[in-house]
Structure formats: C-alpha cells, structure tokens
1. Could you grab me the full set of residues in segment 250-264 that are surrounded by 11 or more Cβ atoms within 10 Å (Cβ to Cβ) and either under 60 Å from the mean Cα position of the chain (by Cα) or modelled with pLDDT of 60 or more (or both)?
2. For residue 136, all conditions in the list (1) surrounded by 12 or more Cβ atoms within 10 Å (Cβ to Cβ); (2) within 32 Å of the chain's Cα centre (by Cα); (3) within 29 Å of residue 79 (Cβ to Cβ) hold save one; what is the number of the exception?
3. Starting from segment 17-28, take each residue that is in contact (Cβ under 8 Å) with a residue 24 or more places away in the chain and list its partners that are assigned to a helix (DSSP H, G or I) and among the basic types (Lys, Arg), counting only C-beta distances under 8 angstrom and pairs at least six apart or across chains.
4. Within segment 265-285, which residues are closer than 21 Å to residue 206 by Cα and either at pLDDT 80 or above or not hydrophobic (A, V, I, L, M, F, W, C) (or both)?
5. Would you mind listing the helices (runs of 4 or more DSSP H) fully within segment 25-123 where at least 1 residues are at pLDDT 75 or above?
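The values are calculated or read from the model by the stated rules, or taken from the named source; none is laboratory data. Values in this document were obtained by computation on a predicted structure and should not be read as measured data. Here the Cβ positions follow ideal geometry from the backbone for every residue, glycine too, while neighbour counts run over all protein chains shown.
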Amino acid sequence: MTATVPRETRQIVWKLYLGGKTLDLIADLTGISKTSVFNIVHDAASHDPDYVLMRTLAVNLRKNGSDLSQYASIIRISSLLEEYGVDYTTGEDLIGKFLSTCYKLQWEPSVAVLTLQKFSQSAERYGHSPMEHANFFNKLKSSEEKLYLSIIRARKKLHELIQKDAIVQDNLKVFLAEDGVLRWITNNKMTTIESESQIKELKKDLVLFQQGKSIDPYELSRLNESLIVPVSESDVTDKLDDIRRHPSMYPNLFDKPIPTGPLALRELHNQVSLKIDSKIHQISTKKRFL
C-alpha cells in the first residue's frame, strides 16, 4: 500500500516519473518495490487528470534533448511576451536578432541589456528619444571625422610653411654672410641715381623743346671745344640723321663691332630707327601735354 511509503519518497517518485524515468528505474533509485511505484503513480493520476499528460510531455521533451525545467523556462518567456504585448512570431524574431547581434559583437547578453539601459538614461539626460540620441551621436561622429581631416590638412600646411621658412632662413644667412644687404642697398641707390638722371634728361629735353632747339647749347659748346672747325646745331642734327641712315660708316660710335652681312645691317638699322622714333615720340608727347 502507498500509505506505508513516506511522503518524501512519494514526492521523489512523482518527480522521477514526470522526468520520464521508468517504473523499474524509479524502484531501483528509491529502494521500494515496482508495485509501490505503480500504486503511487496511479494514485497521483487519479487525483490529477493532467498528471499522465505531464508524464507524456516529459518523455517527449527528453527525446528531444530537453526537460521540464527547460520547458518551464519557455513557458515563462511566453508569459513575458504576452505581458509586454509581443506576439510569438515577433518575439522569436527579436530574440534571434538580439542573440545574433550579441554573438557578433562578442557581448554577453547581460552586458548588452546593461548597455541599453545606460544608453536610455543618457538619452533622457539630453532630452532625446533613443533614436534621436543615436542620430545625435552619428552626427557627432561625422563632425569629429571632418574635424580630424581639417587637422590633417592644417598640419600638412604647417609642414609646408616650416619648409618654406627653413629655405628663407637659409637664404637670409647667405644674404647676410656675403654682404647681401650692402649689395641690396647699393643696387637701390644705383636705381635711384639712374631714375634721377633720366628725369633730369627729360627736363632738359622739355626745356629745349620749349626753346625750339633740339641740341643742348652746353653740350654743343663742349663739342666745339674739342673740334678744330666748330659746328652748328644744324650740323649736329644732320650728322645724327646721317648716322641713322648710314650707321655702318660710324662703327667707332658703338660699344661693339658692327656685324657684317645684309641681315645684320638691316637689324641694326631697325634698332637705330626705333631709338630715334622713340625719341621723337617722347618729344611729341611732351608737346601735346604742353
């Protein structure tokens, strides 16, 4: 009779039987007879119609490599989905994506949940929704990348400027070491003197033009001092005109020997003509100005 079997033993029998164990194995594990095991199971089934169904479920679960405790977890998950208004298909999809993402990121699911909680708290501090907060940090990341590129370009420009500065410093050292400053000052002075001389000549030409003369009387007197037979202003202008027409007859007037050949003479003639025409143009321009 089952009454002689202690309550603790009967509970063990129920648990083992629901776990899918056979009557013979339960008898061996509990140390009671197979008949007693059968009576305990039959008594439980008579009081609870679902007891046999639970046994069948346990056997099927065991065949699929599961047990009642795992099945109970599934039931609890199902209850949670119902509690938060998620249907089974959507819940299965979410759980699959969540676990897959955790695997790819090498995150423990508990760490992922904690991270989501902290992200939500951060969004609340900024007054953002979770999606707004994600977009905010995406834009921040983009701005950071643009700033980084600007820094790279600025560093490159700075490097170029440093190289140019080094070249300038080297040139300055050479400039100072070889009396470059003195040469620069001297060249500027020479340029100033040449400019002043040109201005002076232009003023003299203007005065001569106003007097109706083409030759400076002072220069003409100096020329006559070196001549046996004095010449007049018209003599000088005629001679200048002859030089323009026949420059080959006056090689001693030029700095270098007169080149030979028709092409060379033609070129020289053109150069002299250009100089004379330029002088005449200057005088005409002054006349129009006056």
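1. Those that are surrounded by 11 or more Cβ atoms within 10 Å (Cβ to Cβ) and either under 60 Å from the mean Cα position of the chain (by Cα) or modelled with pLDDT of 60 or more (or both): 250, 254, 264.
2. (3)
3. Between residues of segment 17-28 that are in contact (Cβ under 8 Å) with a residue 24 or more places away in the chain and residues that are assigned to a helix (DSSP H, G or I) and among the basic types (Lys, Arg), the close pairs are 17/55; 18/55; 19/62; 20/55; 20/62.
4. Within segment 265-285, 275, 277, 278, 279, 281, 282, 284, 285 meet the criteria.
5. Answer list for segment 25-123: 34-47, 68-83, 88-105.
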